[in-house]
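Shown next, in structure tokens, is the structure this report addresses.
The values are calculated or read from the model by the stated rules, or taken from the named source; none is laboratory data. Please read these numbers as outputs of a predicted model, since none were measured by experiment. Glycine gets a Cβ as well: all are built from the backbone with ideal geometry, and neighbour counts include every protein chain shown. The accessibility values were calculated without ligands, DNA or RNA, using every heavy atom of the protein model including side chains. Shrake-Rupley method; radii C 1.70, N 1.55, O 1.52, S 1.80 Å.
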Amino acid sequence: MPTEDKKRLAHKAVVTRVLEGDGRASRAERRAAFDNTGLAEPLRTLIEKVAKQPTRVTNEDVAKVEASGLSEDQIFELVVCAAIGQATRQYETALEALAEAMTDEKRSEHASEDPQ
């Protein structure tokens, strides 16, 4: 099996595990954090920061989510899902850009071979 296929399979396994495996947070909550959609405050703010501005996450952000009723374990799982979700979106965007660049390169090669 090519290395790239192994990497994609490993990535898929990680995503499947965090979204569908056993956990303290519900699968629906983990999916929402992964997708960064449909979350209520204060969890929405924390997950948005994790996904878009992780260096701006504060202890206060976490404390607000904990005060809303989520346990530390649930918060941890949701933060991990948010981070993996954002990384997944970036990974998929990069793969799409590479595929497009390779397609454009092949078109350019064929165009230069066919002097009309």
(request) Would you check which residues across region 26-59 are within 20 Å of R89 (Cβ to Cβ) and assigned to a loop (DSSP other than H, G, I, E, B) and list them? (result) N36, T37, G38, L39, Q53, V57
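For region 1-24, enumerate the residues that are over 17 Å from the mean Cα position of the chain (by Cα) and not in a helix (DSSP H, G or I).
Kept after step one, since they are over 17 Å from the mean Cα position of the chain (by Cα), are these residues of region 1-24: 1-6, 22-24.
Listed by number, the residues that qualify are M1, P2, D22, G23, R24.
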(message) Where the second residue is open to solvent by 30 Å² or more (accessible area, probe 1.4 Å) and among the basic types (K, R) and the first is on the phi < 0 side of the Ramachandran plot and touching a residue at least 24 places away in the same chain (Cβ under 8 Å) and lies in region 66-81, which pairs have Cβ atoms under 8 Å and are six or more apart or on separate chains?
(response) S71/R24; D73/R24; Q74/R24; E77/R24; C81/R31
(message) So in region 25-39, with the set limited to residues that are at negative phi and open to solvent by 70 Å² or more (accessible area, probe 1.4 Å), which one is nearest to the chain's Cα centre (by Cα)?
(response) R31
(message) Quick check on T103: is it in a helix (DSSP H, G or I) and either open to solvent by less than 50 Å² (accessible area, probe 1.4 Å) or closer than 20 Å to A25 by Cβ (or both)?
(response) no
(request) Can you tell me which residue within region 1-24, out of those that are more than 18 Å from Q86 (Cβ to Cβ) and in contact with an Asp or Glu (Cβ under 9 Å, 6 or more places away or on another chain), is most open to solvent (accessible area, probe 1.4 Å)? (result) R24
(message) Restricting to region 45-61, name every residue that is among the charged types (D, E, K, R) and without any contact (Cβ under 8 Å) to a residue 12 or more places away in the chain.
(response) R56, E60
